[in-house]
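The values are calculated or read from the model by the stated rules, or taken from the named source; none is laboratory data. The structure displayed is predicted, hence computed values, not measured ones. Cβ atoms come from the backbone with ideal geometry, glycine included; neighbour counts cover every protein chain shown. In case anyone asks, the SASA skips ligands and DNA or RNA and just uses the protein heavy atoms, side chains included. Shrake-Rupley method; radii C 1.70, N 1.55, O 1.52, S 1.80 Å.
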Amino acid sequence: MRAGYTPILGVSSREWGAERAEAGDDPGQDKANRLFLDLSNSGNSTARDLRLWTGLSYKSTKDLDYDYCPYSSPLRRTSDASWWHSDEGGALAQTEDNSVEFKTDPKVQRVENGRLKFNPARKEVFLHTALESLEEAGVKNIEIAQVLKYTATTGSEEEIYLGAYEADLSNLKSHDMWLYRAQENKEERVEKIRENTV
């Protein structure tokens, strides 16, 4: 019965907002670092709560006041957004041979640093904001993992590895922290990065 109600998601394309900018335009960091995904569902049930999990692996420095922990940002349809309205990520029913475009602004969670803090303050921040903070604190190299997560009709949590990126933060900073300039790694790196997330 469970097999009869299974969404089967596929990712046909990924594109950063910076790659969509017209020649000569400056989209700004927020728009440049927005991620667009074309998704299809060849299964026979709806995938719910679509979200992008983002995790960072880096070597901390003494000047770093925060830890940056993984966070799942909701995915939203770029058109017909009223099709699925909730405070969670969007949903995708069976699409036959078509794909549907979703967008998200990758974020991580900023957590106050310090072992003696009880229940430290947490705040979601844009990924590029976290990278700027890390660069200013002396972090040189970073790896970023991204995973598409969703909930099946049966309630099971499913995921698709989207890939991993590595970057020299000083080089990224010279390009306004546009994430598409990071070097893409193989999907196999995602699991290793997940093990090393703060």
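With region 101-182 as the region, which strands (runs of 3 or more DSSP E) entirely inside it contain at least 2 residues that are open to solvent by less than 20 Å² (accessible area, probe 1.4 Å) and aliphatic (A, V, I, L, M)?
107-112, 141-151, 157-168
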Selection over region 28-51 where residues are of a type outside the set (D, E, K, R) and under 19 Å from the mean Cα position of the chain (by Cα) yields a count of 11
Residues of region 157-191 being of a type in the set (S, T, N, Q) and without any contact (Cβ under 8 Å) to a residue 24 or more places away in the chain, in sequence order, are N171, S174, Q183
Checked region 183-197 for anything surrounded by fewer than 18 Cβ atoms within 10 Å (Cβ to Cβ) and within 23 Å of G17 (Cα to Cα); matches are Q183, E184, N185, K186, E187
Expected single match for over 22 Å from A167 (Cα atoms) and either of a type outside the set (S, T, Y) or surrounded by 15 or more Cβ atoms within 10 Å (Cβ to Cβ) (or both) among G55, G43 is G43
